[in-house]
Structure formats: C-alpha cells, structure tokens
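What follows is calculated from the coordinates using simple rules that are stated; it is not laboratory data. Just so you know, these numbers come straight off a predicted model, no measurement behind them. Virtual Cβ from ideal backbone geometry, glycine too; neighbours counted across all protein chains shown.
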Amino acid sequence: MPDVQVTCIIKPHPQSPHEYITHLGNGRTWLWTREQVIDSIDAKTNTFYVLDPSNSKRSNVGVVRENGKAPYLR
C-alpha cells in the first residue's frame, strides 16, 4: 500500500475556510478528486498524509462520515 504525501489541494474558493476540498495532489505528478482519495482510503490501496511545514509533524488524512452528510477528508 503506497504511502502518499499530499502537498496541494484545490477548493472552489481557495481563501474560504468553509469550502470543501475538491482535489488533492502533490503539485507535480498526480491530482486526484476527493472521491478518488476517499475510495482509495476505504479500499486500503493508499494512505495519505500531510507534513506541518513548521515542524515536519505528520498527520494522516482520513475519511469522516457524519449521519446525513457526504463523507469528507480531514
């Protein structure tokens, strides 16, 4: 299972803190839709993570499911 670092995201309105992420990527070689990333995490074919630029602390990207809402990434 590849372990993939996410270094860029796309949102409909990039400066809005309340917009959902539509795509995730590494800024060079891959760009996946939110749905593709969720499907890959659910299928356990990939893991995704981000690194805090100030201290290099790793945070895994996970799928959040709330009743009555579409799944989202955190």
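What does the charge count near Pro17 come to, summing +1 for each Lys or Arg and -1 for each Asp or Glu among other residues with Cβ under 15 Å from its Cβ?
Working: positive: Lys11, Arg74; negative: Glu19.
Around Pro17, the charge tally is +1.
Under 22 Å of direct C-alpha separation, and excluding same-chain neighbours fewer than eight residues apart, Lys11 reaches these lysines: Lys69.
For Ser16 and Arg65, the difference between the fully extended length at 0.36 nm per residue and the C-alpha to C-alpha distance is 15.5 nm. Here Lys57 is the anchor, and the aspartates and glutamates within straight C-alpha reach of less than 16 Å, apart from those fewer than 8 places off in the same chain, are Asp3.
Would you compute, from DSSP H runs of 4+ residues alone, the mean residue ellipticity of the chain at 222 nm, taking -39500 (n - 2.57) per run and dividing by the full residue count, rounded to the nearest 500? Please list the in-between numbers first.
Numbers: 1 runs with 10 residues, N = 74.
Value at 222 nm, helices only, nearest 500: -4000 deg cm²/dmol.
Exposed loop sites are taken as chymotrypsin sites (Phe, Trp or Tyr not before Pro) in a DSSP loop (any state but H, G, I, E or B) with at most 16 other beta carbon atoms within 10 Å; the longest stretch of the chain without one runs 31-74. One compactness figure for the stretch 3-73 is 1.12, namely its Cα radius of gyration divided by 2.2 N^0.38 Å.
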